[in-house]
């Protein structure tokens, strides 16, 4: 018996995993991803990872599942905005070779429709804003925040090119483009805030949570378990509450189920929440709380009479003691704040940050709040 190709084995595993997942859900009102949608996910993931050995088989399955040549080409073009020109171009070159090989075998693939030319007289920036408002359901008004304030040109590039030039093309639906984007972000890893935004958008434009879970099953089979597990954790947050929109100017929406209570603006810059995990009491006078910061949010300078221990659990954060360089905190890092030493902590400009704060010896004194961490101090950090 001849050996079975690796691509065939992976496809069989994907099918078994998807059927198992759908049977477990047992909900006929939540349809599975269509065959063409499944192949959008696989093609996007393999291209983003640069897996050119398995990509040709996925491209062929995409064509056989009903994707047209123009639709697959559009998926590969869309990818460059999220994983770069080199990956996108290598995907296009692989697709060209796949089409040539099929043509030699006498296979005629459906060309599909080309993108419709834009006739709007509006500027690309305004068209991009409108597209983004449609996707997120949030008005694109108010002052820029986060990375858009730090780098105004990136806000222009996003609206004019990503959301006007790319998302504005009609070869793929918004749902198809979000599947493409989510597959790329899940495969890359380390971009969970963006993945959360796009999962939220995906749900807005017609995808369902079971479909997103099925997409992550495909990521596990075709990319890896770690990437799929990270994506499922993000999806759990999205399903638990309202996720923030992708736009840095969109107003923050607290997720009371996961984040707890909004912290006061008198001691915090930007949006931050606390959820008490272990309240202080007379027996254990050591309160433990989970604090979640949106990108750019941070505490004021302050001291703890009894010190504090911070455990980083998600995202990228900063911790700085007065007169010392900033420390960058990532998941798994821990830091001890000495008693009565002025310090502050919070999220980096590009990433949200979640920490567990353990405050011992509270009987010796509470937190003393000092001055605000200025924009100049925050934007001139030396990592």
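The values are calculated or read from the model by the stated rules, or taken from the named source; none is laboratory data. Here the structure is a predicted model, which means the values were calculated and not measured. Please note: Cβ atoms are built from the backbone with ideal geometry, for glycine as well, and neighbour counts cover all protein chains shown.
In table form, for the structure just shown:
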| item | result |
| --- | --- |
| Which numbered condition residue 190 fails, given (1) at positive phi; (2) part of a helix (DSSP H, G or I) | (2) |
| Meets criteria (assigned by TED's automatic domain parsing to the domain that holds residue 45 and under 30 Å from residue 269 (Cβ atoms)) for residue 115 | no |
| Qualifying residue in region 366-376 (condition: surrounded by 17 or more Cβ atoms within 10 Å (Cβ to Cβ), in contact with a strand residue (DSSP E or B) (Cβ under 9 Å, 6 or more places away or on another chain) and in a strand (DSSP E or B)) | no |
| Residue within region 41-52 that is modelled with pLDDT of 95 or more and at positive phi present | yes |
| Single unsatisfied condition, residue 306 versus (1) more than 28 Å from residue 155 (Cα to Cα); (2) buried (at least 16 other Cβ atoms within 10 Å of the Cβ); (3) in contact with a strand residue (DSSP E or B) (Cβ under 8 Å, 6 or more places away or on another chain) | (3) |
| Residue in region 114-126 that is within 26 Å of residue 234 (Cα to Cα) and assigned to a loop (DSSP other than H, G, I, E, B) present | no |
| Hits in region 134-161 (condition: within 26 Å of residue 34 (Cα to Cα) and buried (at least 18 other Cβ atoms within 10 Å of the Cβ)) | 135, 136 |
| Any hit, region 124-142, residues being touching a helix residue (DSSP H, G or I) at 6+ places or on another chain (Cβ under 6 Å), over 20 Å from residue 200 (Cβ atoms) and without any contact (Cβ under 8 Å) to a residue 40 or more places away in the chain | yes |
| Test: residue in region 266-276 that is assigned to a loop (DSSP other than H, G, I, E, B), touching a strand residue (DSSP E or B) at 6+ places or on another chain (Cβ under 9 Å) and modelled with pLDDT under 85 | yes |
